[in-house]
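Here's the structure, in structure tokens; my notes come after.
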Amino acid sequence: MTSADSGESALELRRDGMVLSARHFGADDGQLVLLLHGFPDTPHSWDALIPALVGAGFQVLTPWLRGYTPDSAVRGARYDLMAVAEDIAAWHRALGGPPTHLVGHDWGAFAATILAKQHPRQWLSLTLLAIPPFGGGFAPGAARYLPRQMVMSSYIPLMQSAASPRLLTRDGAAFVRRLWQRWSPGWEFTDAEFAPTAQVFTHRETAWAATRYYRSLFTVHRAPTREFHRLLLADPAPLPTLALSGGRDGCMSPDLQRVLAEAAGATTAQLPGSGHFLHAEQPAAVAEHLLPHLQAHSR
């Protein structure tokens, strides 16, 4: 698997009877930054951040989560975060296993956390956006923010329902558009910025696959679900960790993110005007925090 020394290359990886897709940027000899997207989103939310990373000498890989492309939305396949972590590890091997920084947003942050806890010596650093580090016991001060978080997470049972794929695809993914507006209330995103996500969530099979992640969270009769929760609650990964949040995040309480990140010993920063999709809303501000973190922990 190769890519050009600069610019963008489209890559494919065959796993579990599906075809996974990713985009690669930068020269192959740079240290790798894995940018992992979340819900309801695509790798295109990283587009405005990528030039700063490539300009600093990094190569970048932005994979689609399994199920978010038609060739990876396969009935009978697994759609859970342990499977995603295995996919990301496979991408890393396919690129030759270079020194790598993990950067994840939303679901991507959970997958990055799992990888960092499974094989900490394999990675240089961990950066989490809109999701804090979890594990190591209950964080003092977190309890006061849990009732508000329960309200903010009330969409999860809906995503677990059999009706969720139909809801997501209806009216040009209007429900997903409303989630973006609620979760990032200060972001006046354009139709062009929303278009890649609309493409995922107006397609019946990819919308179905995206909702399976939520159903997998509580299937405790499945070994991958039990292993996910075991790793999530284990001690924080022994990696240099940066946790970034948006001060107006409508999905994950910014206060809860801060408390959990501080308890885990992570370096924390909050962007006051940003919401859940902070890397797309304020890419320059995210780069101001991210680049020094990556450079300090490169080798």
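Table for the structure above
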{"quantity": "Prolate/oblate/rounded label for region 54-150 (Cα gyration tensor, a/c 1.5)", "calculated": "oblate"}
{"quantity": "Cα gyration tensor, the chain - rounded (a/c under 1.5), prolate or oblate", "calculated": "rounded"}
{"quantity": "Region 213-254 - percent of accessible surface contributed by carbon and sulfur, probe 1.4 Å", "calculated": "61"}
{"quantity": "Formal net charge of residues neighbouring PRO132 (Cβ-Cβ distance under 10 Å; K, R +1; D, E -1)", "calculated": "0"}
{"quantity": "Rounded if a/c under 1.5, otherwise prolate or oblate - region 155-274, Cα gyration tensor axes", "calculated": "oblate"}
{"quantity": "Interchain or long-range residues, amide H under 5 Å from LEU36's placed H", "calculated": "VAL103, GLY104, HIS105"}
{"quantity": "Highest-fluctuation residue, THR225, THR206, THR69 considered, GNM on the chain with Cα pairs under 10 Å", "calculated": "THR225"}
{"quantity": "Protection proxy ranking of 157-169, 128-140 - average other beta-carbon atoms within 10 Å, highest first", "calculated": "128-140, 157-169"}
{"quantity": "For the chain: accessible area per residue (Å², 1.4 Å)", "calculated": "41"}
{"quantity": "Alpha-carbon centroid distance for the pair region 125-183 / region 229-272, whole angstrom", "calculated": "15"}
{"quantity": "Charge tally in the Cβ shell below 13 Å around TRP183, where Lys, Arg are +1 and Asp, Glu are -1, TRP183 excluded", "calculated": "0"}
{"quantity": "Equivalent ellipsoid, region 134-193 (semi-axes from 5 times Cα gyration tensor eigenvalues, Å)", "calculated": "29, 17, 9"}
{"quantity": "Sulfur and carbon atoms: percent of accessible area, region 134-175 [1.4 Å]", "calculated": "63"}
{"quantity": "Leading residue at positive end of dipole, the chain (Cβ point charges), from ALA162, LEU65, ALA209", "calculated": "ALA162"}
{"quantity": "Neighbourhood net charge (13 Å Cβ-Cβ; Lys/Arg +1, Asp/Glu -1) for ALA109", "calculated": "-2"}
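The values are calculated or read from the model by the stated rules, or taken from the named source; none is laboratory data. Treat the numbers as computed from the prediction; the structure is a model and nothing was measured. Because the Cβ atoms are built from the backbone with ideal geometry, glycine has one as well, and the counts that use them run over all protein chains shown. Ligands, DNA and RNA are stripped out before the accessible areas are found, and what is left, the full protein with its side chains, is counted by its heavy atoms. Shrake-Rupley method; radii C 1.70, N 1.55, O 1.52, S 1.80 Å.
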